[in-house]
Amino acid sequence: MLLISCPNCGPRDETEFHYGGQAHVAYPESPNDLTDREWAEYLFYRENTKGTFAERWVHSTGCRQWFNMLRDTVTYEIHSIYGMGQPRPELQASAASAGASKSDPTQPGEFTQSGDFGQASAPGLAPGATAPTATTPISSEGV
Ligand SMILES: [Zn+2]
């Protein structure tokens, strides 16, 4: 059983929450230009990460607010909880291990080179428009 710290309500039992799938899946800037395959991949294809994974949760029996969580899918350890519009935070341990294998350990931003991170902060979308469009399809599926 997980103890999840809701940003609004504090630590609550896992049973008060619902899982909302992968975080930072940005709505396509021009959906009409996508092929059927690309649209289907946006709708249905998600990463299946073994390890640290950014995902969405909703406090469904509490404040009913969505938030993001950085969680290890192997150990269930919760690394970080952050707001819906915020970028995925970097982990100290992961940054250190990534830096150790590189020639320049002071180089930041290894995480920011992942594909979905760039799409999450797409410049064409207004800040207010991102959250509702992103949460609507998943929340209706989850209910
Ligand atoms: Zn809450």
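Since every read-out is calculated from the coordinates, none of them should be taken as a lab result. Because the structure is predicted, anything quoted here is derived from the model rather than measured. In this analysis, Cβ positions are derived from the backbone assuming ideal geometry, glycine residues included, and neighbour counts consider all displayed protein chains.
Condition first: among the aliphatic types (A, V, I, L, M) and either within 16 Å of the ligand (Cβ to nearest atom) or in a strand (DSSP E or B) (or both). Now tell me which residues in region 36-73 satisfy that. Explain how you work it out, then say what you get.
The initial filter retains those residues of region 36-73 that are among the aliphatic types (A, V, I, L, M), namely 40, 43, 54, 58, 69-70.
Passing the criteria: A54, V58, M69, L70.
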Lone unmet requirement of (1) in a loop (DSSP other than H, G, I, E, B); (2) over 18 Å from D72 (Cβ atoms) for H24: (2)
Take region 20-35 and flag every residue that is in contact (Cβ under 8 Å) with a residue 12 or more places away in the chain, loosely packed, with under 13 Cβ neighbours inside 10 Å and either within 16 Å of the ligand (Cβ to nearest atom) or of a type outside the set (D, E, K, R) (or both). none
